């Protein structure tokens, strides 16, 4: 897995952690999700930076359930 250092440079440590979790989710075969922080709950597989505003760190319930469903 290779990260774009130009894009990652401006991110905080927690945000880099969430990006890494997101990319690992793809390695597990997960796709992008449309979930938000509130309804029904966050997902590191949400594309973009919206997940950075969620008040806890992932992986969240939806992410774990997605991996368990595959394996």
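Summary table below
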item	result
Residue with peak Gaussian network fluctuation, the chain [Cα springs, cutoff 10 Å], from 22, 55, 32	55
Sequence ranges 59-71, 9-21, ranked by mean other-Cβ count within 10 angstrom, highest first	59-71, 9-21
Listed residues 25, 48, 58, most fluctuating in the chain (Gaussian network, C-alpha, under 10 Å)	48
Förster radius 35 Å - calculated FRET efficiency between residue 26 and residue 55 (Cβ-Cβ, nearest 0.05)	0.90
Rounded to 10°, Cα long-axis angle of helix 61-70 versus longest principal axis of the chain	70 degrees
Residues of region 28-71 with amide N under 11 Å of the 7 Å Cα→Cβ point at residue 14	52-58
Relative contact order of region 11-70, pairs being alpha-carbon contacts under 8 Å that are 6 or more residues apart, as %	33 percent
Quotient of Cα Rg and 2.2 N^0.38 Å for region 11-70, N being how many residues it contains	1.00
Nearest 10 degrees, 0 to 90: helix 13-27 Cα axis against the chain principal axis	50 degrees
Sum of -39500 (n - 2.57) over DSSP H runs of 4+, divided by residues of the chain (222 nm, nearest 500)	-12000 deg cm²/dmol
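Bear in mind these aren't lab numbers, they're just calculated from the coordinates by the rules spelled out. This is a predicted model, so every value here is computed, not measured. Glycine gets a Cβ as well: all are built from the backbone with ideal geometry, and neighbour counts include every protein chain shown.
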